[in-house]
Structures are given as structure tokens and as C-alpha cells.
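Working notes, beginning with the structure itself.
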Amino acid sequence: MLLRVGRRAALLLAATAAFSRLRDPDTAVYVSASPPQPPRQAFSSSAAAEGLRSGTCLFSPYLLPYPFQGFPVLNTFTSASVSPANNGDQGSDGSSGDPRCCPACLGRNSIAKAASAVGPAVVNISSMHDMHGWVNEQSIGSGTIIDPDGTILTCAHVVADFQSTKAIVRRKVSVTLQDGREFEGVVLNADRLSDIAVVKIKSMTPLPAARLGSSSQLQPGDWVVALGCPLSLQNTVTAGIVSCVDRKSSDLGLGGLRREYLQTDCAINQGNSGGPLVNLDGEIIGVNVMKVRNADGLSFAVPIDSVIKIVDNFNKNGRVVRPWLGLKMLDLNPMIIAQLKEKSSTFPDVRKGVLVPMVTPASPAEQAGFRPGDVVVEFGGKPVESIKEIIDIMGDKVGIPFKVLVKRANNVTVTLTVIPEEADASR
């Protein structure tokens with residue numbers, strides 16, 4: 001009786017699927033009304049491989065209760081690490097490799113390979129607070145060797161005390177490598193605003209170093225790997241995805257100058273600070289700096305493109321030089337422009353640019369003649385459509401004049417000359 005009911009249900013589903021396909025030939029519904037198979041029958045590896053090669057659906061007798069076995073399950077893992085053409089060559093230890101159909105695909109060993117490529121260069125950093133001869137507490141963090149000469153990237157708050165009114169940089173720290181070797185590290189530079197620092201150790205032999213990638217090509221949903229020493233647990237690896245590529249510091253309630261972060265859902269805890277955020281190619285694309293307390297899946301890293309500029313400033317100026325204009329700015333897009341035109345018919349006819357809602361009194365921008373409502377369309381002789389482009393054009397140039405083309409109400413075009421000052425981090 002149970003078999004008859006199963007057969008009847010299978011025919012009914014087949015008829016429904018056939019009717020659906022007549023109505024919509026693009027509907028990918030595959031139903032088999034073949035007789036039910038014994039509950040423990042499995043498929044041979046050759047049959048599974050043939051199914052993957054041909055693109056047809058595979059049957060999984062274990063996904064539906066008996067007697068409804070035999071219904072096909074579309075295989076969505078054809079881009080997995082075991083290639084259909086050579087799945088018989090894949091050992092249980094994964095030693096035969098991890099082919100991927102494209103760089104963005106996640107294979108069986110993709111995360112393991114990314115972690116192993118960077119892992120030897122990840123270090124544990126500790127230092128002691130010395131208060132009037134008393135050892136107060138130990139600070140634990142992570143870092144990454146980026147040069148065989150012993151140059152290490154880490155977080156500034158790992159190697160410096162920013163709690164007091166005056167930042168205290170600990171010039172000596174203890175650095176432990178993944179293989180157990182210990183070195184004394186010297187803090188070369190630390191920038192409070194970006195929370196990036198550089199430490200140097202000396203070794204008689206070349207040290208393992210990680211490759212620097214680029215954060216400019218990241219997209220939400222990209223897989224990333226976080227490495228570090230959370231809670232003093234060395235060689236810890238967690239994985240997740242990029243949640244946002246340009247999370248503003250203002251979104252996080254952080255005052256001061258504008259910064260941008262990579263937001264991920266990787267597990268980050270105390271001690272992960274300064275550790276690398278890595279892509280599937282084993283390249284550093286960020287430095288983990290913080291997480292939201294009492295919240296899971298909200299972690300943040302400084303993009304590696306920003307870190308590279310900070311390190312260049314360290315090498316060139318001994319500190320990070322940030323130009324300041326005194327402008328509150330907003331990136332324009334077609335929707336915002338349309339809304340502003342609805343509110344005011346005098347809003348200039350622009351397709352892109354940067355809006356100036358506010359000008360700081362006695363700032364370089366006010367002295368140059370900027371007004372609230374101006375739309376910056378060119379900066380330094382280059383068309384601009386984002387605040388980031390303006391920041392990139394200024395670089396570390398302080399005291400150097402820039403020509404700025406702005407559009408005002410009723411399409412009045414004005415050329416201004418502004419001379420940036422060095423930013424005060426306390427602003």
C-alpha cells in the first residue's frame with residue numbers, strides 16, 4: 001500500500017512538472033517517476049562524475065524519505081574543489097590539489113591554502129606597561145611580517161597607550177613567530193588616527209613574509225580569511241565574507257577625520273588586533289583593527305591600500321601627513337541630485353560631483369571662498385565625483401595651492417584656489 005501511494009505521488013508530481021514546463025519552458029524542474037530504489041542504494045563515483053560532466057541532475061536517495069527516493073536533486077557544487085574530470089584522483093587528504101574554475105570560486109582547500117600562505121608570517125606581539133617601576137599588565141596583539149628584513153604591520157593600540165592625554169609608544173615589544181622563535185621588536189612608527197603601526201625585528205636569517213594585495217577590487221560577498229592570536233591562542237584562523245567595502249567612520253560613531261573600513265563577518269576577538277585579513281589568493285587586503293562589542297559578525301579592518309599609503313608616509317615624513325580643507329562634503333549620485341533639484345530649481349545642472357553642505361569658519365576652504373551649496377566638479381585640474389578622489393589628489397601635500405572648479409546656484413561656475421593645512425587629529 002505504501003509503495004502504491006509513493007508511486008501515485010511520483011506520477012502526480014511528474015504531471016505537475018510537465019504542465020509547468022509547458023507554461024514556462026525555462027523553468028528548471030526535473031522529476032523522475034522511475035520506480036523507487038532500495039533505501040540504501042548508493043551511486044558509483046563514475047555515475048556521479050558523468051552527471052557532473054553532462055550537466056544533468058543527480059539523484060540523491062538519502063535526501064528524501066522512502067518511498068519518494070529517486071527524485072533528482074540539482075547539484076549546485078559543480079565548481080567545488082573536486083573536478084568532475086579527475087575526481088578519482090582526489091585523495092582523502094586533498095593532496096592532489098584544489099582546482100577552481102575561476103579565481104573567485106571557493107574550492108575544498110581554498111581557505112586552507114590562503115591561511116597556509118600567510119600563516120608563517122603572522123606573529124604574536126606582547127608588551128608590558130611599566131608604571132613607576134611596577135609592571136601593570138600585558139598587552140597582546142597580532143601582526144604580519146611584510147618584508148623578509150623583519151618589517152611588521154600591526155595596530156597602533158597594540159604597541160602604544162592612547163588612553164592618556166599624551167600617547168605613550170612602547171619602543172620595545174616581544175614578538176613570537178608561528179614556529180616558536182622569539183624576538184625583541186622595536187616600534188618604528190604608530191599613527192593614532194588610522195590605528196596602524198610598524199614594528200621591526202632583526203634576524204640572522206630571512207624571515208617568512210606575506211604578500212600585499214589590493215583592496216580596491218573587493219566586493220561585498222568576497223571570501224576573506226582572518227588570522228591572528230585571539231586571547232593568546234596563536235595560529236588561529238577564521239573565515240567569512242566582506243560585508244561592506246567602504247564603511248565610513250561616521251557610520252560607527254567615530255569622530256575626527258574621515259576614515260573608511262572593510263566590514264566582514266569574520267570572528268575577531270581581543271588579540272586579533274593587528275592581524276591580517278587575507279583573500280583567497282593568500283594576499284593581505286586589510287589589517288584587522290576592531291569589532292563591535294556584544295555583536296557577532298561585525299568586524300572591521302583598515303584596507304591595505306590605505307595602509308600602504310600610511311607606511312609610505314612613515315618612510316617619507318616619519319608620520320602621517322593629512323591635508324585639511326575645512327569642508328563637509330557629500331558624494332552626489334543621480335538620486336540625490338534629482339531630490340535636490342526638486343527642493344530647489346536653482347540647483348546647478350550636474351551629473352556628478354561633490355556637494356559642500358558646510359564650510360568650517362576660519363578654515364582654508366572659507367579663506368578660498370567656498371560657500372555652502374557649492375558642487376565641486378574639478379579638483380587640481382582633474383574631474384572628481386567622490387570625496388575619496390579629492391583625498392587621493394591631495395595626498396600628503398600641505399601648503400600647496402589647488403585649483404578647484406565649483407558650480408553654484410543657477411549654473412554659475414567659479415574657479416577657487418585653496419591651500420590645505422595639515423590636519424589636527426583632535427579636530
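The values are calculated or read from the model by the stated rules, or taken from the named source; none is laboratory data. Here the structure is a predicted model, which is why all the values come from computation and not from measurement. In this analysis, Cβ positions are derived from the backbone assuming ideal geometry, glycine residues included, and neighbour counts consider all displayed protein chains. All accessible areas refer to the heavy atoms of the entire protein, side chains included, with ligands and DNA or RNA removed. Shrake-Rupley method; radii C 1.70, N 1.55, O 1.52, S 1.80 Å.
Assuming 0.36 nm per residue, please report the length gained on full extension of the stretch Lys328 to Asp179 beyond their Cα-Cα distance.
In short, 48.8 nm is gained.
On alpha-carbon atoms, Rg over Rh for segment 220-315 using Kirkwood Rh?
0.95
Could you state the accessible area per residue of segment 220-315 in Å², with a 1.4 Å probe and every protein chain left in place?
42 Å²
Largest first, please: the extent of the C-alpha atoms of segment 268-330 along each principal axis, to the nearest Å.
On the principal axes, segment 268-330 reaches 37, 30, 22 Å in Cα extent.
Can you give the three extents of the C-alpha atoms in segment 164-272 along their principal axes, from longest to shortest, in whole Å?
Taking the Cα atoms of segment 164-272, the three principal extents are 42, 37, 26 Å.
Quick one: the Cα spread of segment 276-384 along its three principal axes, in angstroms, biggest first?
Here the spans come out as 51, 36, 30 Å, largest first.
What list of ³J(HN,Hα) values in whole Hz, one per residue of segment 115-120 in order, does the Karplus curve 6.51 cos²θ - 1.76 cosθ + 1.60 (θ = phi - 60°) give from phi, with Gly and Pro shown as x?
Working through the residues one at a time gives 5, 5, 5, 9, x, x Hz.
Amide H neighbours of Thr236 under 5 Å, at least 5 residues apart or on other chains, H built in the peptide plane: list them.
Gly228
Kindly report the accessible area of segment 321-420 per residue (heavy atoms of protein chains, probe 1.4 Å, no ligands, DNA or RNA), in Å².
Dividing the accessible area of segment 321-420 by its residue count gives 54 Å².
Let's test the formula: R0 of 30 Å, r as the Cβ-Cβ distance of Arg319 and Ser232. What FRET efficiency results, to the nearest 0.05?
0.45
Taking a point 7 angstrom from the Cα of Asp251 along the C-beta vector, which residues in segment 300-330 have backbone N less than 19 Å away?
300-307, 329-330
Probe radius 1.4 Å, ligands and nucleic acids ignored: give me the carbon and sulfur share of the accessible area of segment 225-341 as a rounded percent.
50 percent
May I ask you to list the residues of segment 270-284 whose amide nitrogen lies under 19 Å from a point 7 Å from Cα along the Cα→beta-carbon direction of Gln138?
Backbone N within reach: 270-275.
Report the convex hull volume per residue for segment 321-420, counting only C-alpha atoms, in Å³.
Value for segment 321-420: 83 Å³ per residue.
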